[in-house]
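Novice: Encoded as structure tokens, here's the structure I'll be asking about.
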Amino acid sequence: MVVTLRDVARAAGVSPATASRALSAPDLVAPARREHVQQVARELGYRPNRAARELITGRTGNLCLVVPDLENPFFAAVAKGVQARARALGFALLVADAEEDPRLEAELVGHLGAQVDGVVLCSPRMSDLELDRLSHDVLDDDVPLLLVNRLHGGYPSVVIDNADGVRQAVRHLHALGHRRIGYAGGPVGSWSDSQRRHGLEHASHGLRSVEVTDLGHFPPLFGGGVAAGDLVAASGVTAVLAHNDLLALGILSRLRARGVRVPEDVSVVGYDDIPAATLVSPALTTVTVPLARLGRAAVDLLVEVGQVPTATESALATALSSAGAGRDPGAAGTPPSVLIGVELVVRASTGVANAQTSEVGE
């Protein structure tokens with residue numbers, strides 16, 4: 001049975017007009033009465049009529065999330081975080097897969113942007129110039145866009161601390177005696193890959209005799225890791241840091257097929273901590289990224305900077321409080337950003353370096 005606004009008004013002992021204001025324009029209702037009506041609405045399971053609300057307010061009650069590849073566990077987990085927070089704040093969520101195609105990303109943003117109150121664009125493959133075009137030629141001025149896992153001066157963003165994750169991984173490997181470390185990078189043009197490469201340049205500062213070998217760029221998939229595994233075996237490194245866990249899992253598989261022992265001969269470190277990282281043998285040492293939190297923070301910041309109305313005033317207050325954690329408000333005239341911390345989780349895929357091959361210049 002569908003619960004109507006009149007049902008809420010009757011149960012709360014107020015007029016339908018008061019119930020409507022308490023739910024859609026809470027500032028116009030006294031706090032005690034407003035909270036009472038909202039509580040009754042929650043208890044009855046009331047859901048507003050979205051079509052009617054759009055006609056009255058010009059808002060759709062929808063948000064949109066565009067990701068490069070939903071089959072990648074990283075993006076699936078971020079999507080769950082975005083969906084959970086959107087639902088808690090009273091929004092429906094439209095999710096689109098851009099299939100790693102920057103042209104399709106722009107098309108999806110343009111098509112769905114007309115149907116939503118805000119857009120979350122996760123790890124966009126577009127260039128900076130293409131991102132600039134979104135705000136000038138594709139999206140309406142009143143539809144805010146937020147980036148996840150990408151910094152760009154024109155948009156608010158939520159990113160992870162890529163450099164610190166790499167630093168933690170390199171210091172862990174150094175402590176185990178590794179001096180020849182390889183990096184199996186992500187796709188050419190990947191913003192997060194460029195950030196991790198930049199972090200690698202500084203991670204070895206203060207560490208004795210660490211040599212980092214660039215093994216190249218690879219698709220961020222299991223198959224990319226299989227290809228990288230041959231280069232790991234041929235390079236002479238005693239440890240390898242992969243762009244993400246899928247690459248790391250492919251490396252593990254290929255090394256095992258070639259008779260290279262992990263971690264006795266080569267240690268392997270991933271990035272993201274997807275569920276499969278604990279299901280392989282040896283279990284994967286990796287940099288944990290709080291993916292659900294990444295998604296939640298994206299919705300919170302989008303709501304704040306875009307001034308997108310939520311279902312209730314209390315939900316908006318929660319969003320503002322959550323989005324402020326780790327937040328950089330930016331200089332005057334620049335969009336704010338939220339930085340999410342990461343943490344290395346040590347498992348069985350890393351071990352003490354082989355003494356016969358670990359020394360570099362010592």
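Novice: Relative to the first principal axis of the alpha-carbon coordinates of the chain, what is the inclination of helix 245-257, with its axis defined by its Cα atoms, in degrees from 0 to 90 and to the nearest 10?
Specialist: Around 30 degrees separate the two axes.
Novice: Hey, another quick one. Would you mind checking the tilt of helix 73-88 against the longest principal axis of the Cα atoms of the chain, expressed as 0 to 90 degrees and rounded to 10?
Specialist: 20 degrees
Novice: Then there's this: At H111 and A88, where each label point lies 7 Å from the Cα along Cα→Cβ, what is the point-to-point distance in nanometres?
Specialist: 3.1 nm
Novice: Write out the trypsin sites (Lys or Arg not before Pro) in region 178-232 meeting two conditions: DSSP loop, and at most 16 other Cβ atoms within 10 Å of their Cβ.
Specialist: R208
Novice: Say each of A276 and D137 gets a label point 7 Å from the Cα, pointing the same way as Cα to Cβ; how far apart are those two points in nm?
Specialist: 3.7 nm
Novice: Below 8 Å, C-alpha to C-alpha, sequence gap of six or more: please give me the relative contact order for region 162-290 in percent.
Specialist: 24 percent
Novice: Let me ask something else. Hey, if you put +1 on the Cβ of every Lys and Arg and -1 on every Asp and Glu Cβ in the chain, which of C122, V3, L108 ends up farthest toward the positive end of that dipole?
Specialist: Of C122, V3, L108, it is V3.
Novice: For region 162-290, what class follows from the C-alpha gyration tensor (a ≥ b ≥ c being the square roots of its eigenvalues): rounded when a/c is under 1.5, otherwise prolate if a/b is larger than b/c, else oblate?
Specialist: Rounded, since a/c falls under 1.5.
Novice: Listing I181, I340 from the residue with the fewest other Cβ atoms within 10 Å to the one with the most, what is the order?
Specialist: I340, I181
Novice: Also, I was wondering about something else. As a test of the formula, what do you get for the chain when each DSSP H run with n ≥ 4 contributes -39,500 (n - 2.57) and the sum is divided by the residue count, at 222 nm and rounded to the nearest 500 deg cm²/dmol?
Specialist: Mean residue ellipticity at 222 nm (helix-derived): -13000 deg cm²/dmol.
Novice: Here is a follow-up. Along the Cα-to-Cβ line of E99, 7 Å from the Cα, sits a label point; which residues in region 111-132 have backbone N less than 17 Å from it?
Specialist: 111-112, 125-126
Novice: If one computes P(r) from the Cα atoms of the chain, what percent of pairs lie at distances over 32 Å?
Specialist: Result for the distance tail: 41 percent.
Novice: Now a separate question. Please give the Cα centre distance for region 200-243 versus region 145-159, rounded to the nearest Å.
Specialist: Result: 28 Å between the Cα centres.
Novice: In what sequence do V240, V78 fall when counting other Cβ within 10 Å, fewest first?
Specialist: V78, V240
Novice: By how many nm would the segment from V2 to A76 lengthen if fully extended, with 0.36 nm per residue of separation less the alpha-carbon distance?
Specialist: Difference between extended and current length: 23.5 nm.
Novice: Stretch E130-E201 to full length: gain in nm at 0.36 nm per residue minus the Cα-Cα span?
Specialist: 22.7 nm
Since every read-out is calculated from the coordinates, none of them should be taken as a lab result. What you are looking at is a predicted structure, and each value in this text was computed from that prediction instead of being measured. Every residue, glycine among them, receives a Cβ derived from its backbone with ideal geometry; neighbour counts consider all protein chains shown.
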